[in-house]
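For reference, the structure discussed in these notes is given below.
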Amino acid sequence: MNKEYIDLIASLKSSIIQSRYAAARIANKEQLMLYFRTGKMLSEKIAANKWGMKIIEKISEDLQVQLPGLRGFSHRNLLNMKRFYTEYQDVIISQSLTAKLDGLSKDQLFWEISFTHHILILSKCASPEERMFYIEQASTQHWSLIVLEHHIDSNLFSTQGKLPNNFSSTLSAPLKESALKVFQDEYLMDFLSPGEVEDERVLEDKVIADIKNFIVRMGKGFCFIGNQHRIEVEGDEFFIDLLFFNRHLQCLVAFELKRGKFRPEYAGQLNFYLNVLDEKVKLATENPSIGIILCKEKSNTVVEFAVKNIDKAMGVATYRTTRELPEEMRGLLPDASKLAELL
């Protein structure tokens, strides 16, 4: 096959994919608008006629009679449509319905995610700012429902940009801004049990065994290079726990896993690894390497002093599992430690 034919196939493939994506976006927006209009009609008619909420169940049943095989209009979904309208009528949709959208404006991002994504956000997020944050993130990063739920449960809205670090003195302004959006202050390792984080090697083995879930929790753009990544200096061997490349930051990212509380000497060890990576591994076209210490506990003040005069970019984050009770609840429940083991 000559080059012209290969180029033709590539162009046709690209055109087909783009057309399918555009069609899916249009279909998704139309579905959201239908659900919004349905919620509007339900809200107005129920209020005007003083019907009780049980009428929604009858409406669902009658729709099934009129349109056999109709999907998406169950009693529960009709309630969700009513809420969809109620929550967004004065915030986004009332403006978006008549807007002519250019580029990825916030209005357009709203229509990029599914109705199920929207209902999850409505059910778990209270403030308009938090809801819009997850709408933007889910839309631009193409999060599945599972990934969206994970980031909401791990409170990404509050933790993004809060990572204690030395980025201001070690990274350029644009790269610093990007790094703060990539790294979190706390990570939810809900695929681990409390007993699996007591030993660093067990913790690392568990992460490697489920590297896909770990990458999902790390955020966008991470590509796994390896664990116990070997580096050599003057004949001595050293091993980095986890090494990644981040496509958005265009740099190597070294993760050091610690089972306990952060200690200042961890920063010196990581600084050494980053120096070696930049000298021996980093490509000339890549940005300086970044290091993250992932530990069970930390004092932000201790972290600040530990990384203050280090010239390599690093931050310190913590991790938790879903089986652990939040600190503020432990004193309110009887025998909380036993309850945590059962969850």
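None of the figures in this text is laboratory data; all of them are computed from the coordinates on show. Fair warning: this is a prediction, and the values are worked out from it, not measured in the lab. Don't worry about glycine lacking a Cβ; one is built from the backbone with ideal geometry, like all the others, and counts go over all protein chains shown.
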(Q) To the nearest 20 Debye, how big is the dipole of the range 1-89 about its Cα centre, given +1 on the beta carbon of each Lys and Arg and -1 on that of each Asp and Glu? (A) 260 debye
Q) Which residue, Phe133, Phe214, Phe238, tops the fluctuation ranking in a GNM of the chain built on C-alpha contacts under 10 Å? A) Phe238
Q: Can you tell me the FRET efficiency between Gln31 and Asn155 if r is taken as the Cβ-Cβ distance and R0 is 25 Å, rounded to the nearest 0.05?
A: 0.25
Q) DSSP loop trypsin sites (Lys or Arg not before Pro) in the range 1-85 with at most 14 other Cβ atoms within 10 Å of their Cβ, which ones? A) Lys50, Lys54, Arg71
Q. How big is the charge dipole of the range 159-327 about its Cα centre, in debye rounded to the nearest 20, if each Lys and Arg gets +1 on its Cβ and each Asp and Glu gets -1 on its Cβ?
A. 560 debye
Q: Using the structure shown, list the pairs from Lys220/Lys261; Lys258/Lys308; Lys82/Lys124; Lys176/Lys206; Lys29/Lys82; Lys13/Lys282 with a Cα-Cα distance above 24 Å, or answer none.
A: Lys220/Lys261; Lys176/Lys206; Lys13/Lys282
Q.
Under a Cβ-only charge scheme (Lys and Arg +1, Asp and Glu -1), can you give me the dipole magnitude of the chain about the Cα centre, in debye to the nearest 20?
A. 1460 debye
(Q) Output needed: percent of Cα pairs per 10 Å distance bin for the chain, bins running from 0 to the one holding the longest distance. (A) 5, 19, 24, 21, 18, 9, 3, 0, 0
